[in-house]
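Trainee: Pasting a structure below so you can have a look.
The values are calculated or read from the model by the stated rules, or taken from the named source; none is laboratory data. As the structure is a prediction and not an experimental result, all values here were calculated from the model. Please note: Cβ atoms are built from the backbone with ideal geometry, for glycine as well, and neighbour counts cover all protein chains shown.
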Amino acid sequence: MSTQTTRDGNREQLQELLRELFQFDAADLDFGVYRILNQRRDRIEQFIEDDLLDAVDESLESLADAKRAEIEEELEEKATELRQDWDDDIFNPDGSLKDQYANLGQKDLEEYQDLWETQEDVAVAEET
């Protein structure tokens with residue numbers, strides 16, 4: 001199952017939960033707060049279909065941007081430290097550690113590798 005399919009499924013599940021919460025299927029309820037909800041049904045439906053999900057998407061994007069920037073800064077700091085302590089050719093052109101360094105078991109190299117993998121995980125999460 002693709003991440004897009006999972007995401008769409010999660011969105012639909014949230015929308016159905018909200019419809020249940022607002023009791024859209026209970027048209028026979030026409031008193032008190034239910035009367036107000038029925039009168040505002042179109043607006044509530046717009047909120048469920050568009051407004052809420054757009055706001056969630058924007059918030060998640062903002063969080064992902066902040067996380068990515070934080071990781072990139074940490075990676076750059078760690079890369080600077082590694083260049084001082086190790087050979088200049090420690091990195092592949094894409095910024096990842098070369099295999100002969102990635103598996104040495106050195107704490108500083110492992111920390112960099114963990115940050116690199118976290119950066120890739122964030123990139124995958126942003127694509128979904």
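Trainee: Which of (1) modelled with pLDDT under 85; (2) surrounded by fewer than 16 Cβ atoms within 10 Å (Cβ to Cβ); (3) not polar (S, T, N, Q) does D94 not meet, given it meets every other one?
Mentor: That leaves (1) as the condition not met.
Trainee: Pairs please, first residue from segment 80-91 and within 12 Å of D108 (Cα to Cα), second anywhere and hydrophobic (A, V, I, L, M, F, W, C), Cβ atoms under 9 Å, 6+ apart in sequence or on different chains.
Mentor: Pairs that qualify, where the first residue is within 12 Å of D108 (Cα to Cα) and the partner is hydrophobic (A, V, I, L, M, F, W, C), are L82/I90; L82/F91; L82/L97; L82/L109; R83/I90; R83/F91; W86/L109.
Trainee: Among the residues of segment 79-128, what is the count of those that are over 14 Å from R68 (Cβ atoms), not in a loop (DSSP other than H, G, I, E, B) and not acidic (D, E)?
Mentor: Within segment 79-128, residues that are over 14 Å from R68 (Cβ atoms), not in a loop (DSSP other than H, G, I, E, B) and not acidic (D, E) number 14.
Trainee: Can you go through E58, E81, E111 and tell me which one is out of contact with any helix residue (DSSP H, G or I) (no Cβ under 7 Å at 6 or more places or on another chain) and modelled with pLDDT of 85 or more?
Mentor: Numbers: E81 fails: out of contact with any helix residue (DSSP H, G or I) (no Cβ under 7 Å at 6 or more places or on another chain); E111 fails: out of contact with any helix residue (DSSP H, G or I) (no Cβ under 7 Å at 6 or more places or on another chain).
From the options E58, E81, E111, the qualifying one is E58.
Trainee: Name the single residue, out of those in segment 114-128 being among the aliphatic types (A, V, I, L, M) and modelled with pLDDT under 85, that is surrounded by the fewest Cβ atoms within 10 Å (Cβ to Cβ).
Mentor: Here the residue is V124.
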